[in-house]
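The values are calculated or read from the model by the stated rules, or taken from the named source; none is laboratory data. A quick note: this is a predicted structure, and the numbers were derived from the prediction, not measured. Ideal geometry is used to build each Cβ from the backbone, glycine not excepted, and the neighbour counts take in all protein chains shown.
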């Protein structure tokens, strides 16, 4: 965990704008609000302190979860890559994880300045689980679950805070409306922000199977959504994304 060496700090205020969570405060000297700190270590990695007063020490579990989700230089033990999610959602044209008739759903929680407690992540995870969603096993949030059928996370990490976290799951197209409805209801009970992404294959007639569902629900599909054009050599059999 990150702390400030009180004997070194000269209260110069240079570090204050570098904390994306606003967790560094200044009285006679600078201090870190450990409840709000997400262990992103930007204050350390920015190397702006003129007296090198920031100290980073290994945090015990469950606090160590904060850094794994918030510091993009740390590799997740369970995924083998850095970052909050998996490569799967953005490389479907190669891996074929999301097949015709299914929708990959991503829910991205928190942002700089807000962050997210895992208790809020659990609130939405249990909601999508009730819609029959299948959680991506390689995803870091999935690996924190004590029960992937219900979406319940391990009790000890619920009050831990991260800069951001991502749920990745799979649902049949005909269950998407129920899932999104449950997500809308769950959104009323969380103390953070989150976005929803739908990943689906383009039909042979160049339409998106989810468009009718979104339209019926009054949800606008943003025209700047990402389209993977499949450059490279696909490893799966079948059509393009």
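Quick grid of which residues meet (1) in contact with a helix residue (DSSP H, G or I) (Cβ under 6 Å, 6 or more places away or on another chain); (2) within 30 Å of residue 140 (Cα to Cα):
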| residue | (1), (2) |
| --- | --- |
| 1 | no, yes |
| 5 | no, no |
| 10 | no, no |
| 24 | yes, yes |
| 37 | no, yes |
| 45 | no, yes |
| 50 | no, no |
| 59 | no, yes |
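Highlighted here are the strands (runs of 3 or more DSSP E) found entirely within the stretch 141-226 that include at least 3 residues which are within 30 Å of residue 22 (Cα to Cα): 165-172, 194-199.
Going through (1) surrounded by fewer than 15 Cβ atoms within 10 Å (Cβ to Cβ); (2) under 24 Å from residue 80 (Cβ atoms); (3) touching a residue at least 60 places away in the same chain (Cβ under 8 Å) one by one, residue 166 falls short only on (1).
Only one of 103, 2, 51 is in the same structural domain as residue 133 (by TED's automatic domain parsing) and in contact (Cβ under 8 Å) with a residue 40 or more places away in the chain. Can you tell me which? Explain how you work it out, then say what you get.
Working: 2 fails: in the same structural domain as residue 133 (by TED's automatic domain parsing); 51 fails: in the same structural domain as residue 133 (by TED's automatic domain parsing).
On inspection, the qualifying residue turns out to be 103.
Summed over the stretch 26-64, residues that are part of a strand (DSSP E or B) and either within 20 Å of residue 117 (Cβ to Cβ) or more than 28 Å from the chain's Cα centre (by Cα) (or both) total 3. Only one of 106, 132 is surrounded by fewer than 20 Cβ atoms within 10 Å (Cβ to Cβ) and either touching a strand residue (DSSP E or B) at 6+ places or on another chain (Cβ under 8 Å) or closer than 14 Å to residue 175 by Cα (or both); which? Only one candidate passes the filter, namely 132. Across the stretch 169-200, the number of residues qualifying as within 24 Å of residue 113 (Cβ to Cβ) and touching a helix residue (DSSP H, G or I) at 6+ places or on another chain (Cβ under 8 Å) comes to 10. Quick check: anything in the stretch 141-151 crowded, with 17+ Cβ neighbours inside 10 Å, within 17 Å of residue 120 (Cβ to Cβ) and out of contact with any helix residue (DSSP H, G or I) (no Cβ under 7 Å at 6 or more places or on another chain)? Looking for residues that are crowded, with 17+ Cβ neighbours inside 10 Å, within 17 Å of residue 120 (Cβ to Cβ) and out of contact with any helix residue (DSSP H, G or I) (no Cβ under 7 Å at 6 or more places or on another chain), one finds at least one in the stretch 141-151, hence yes.
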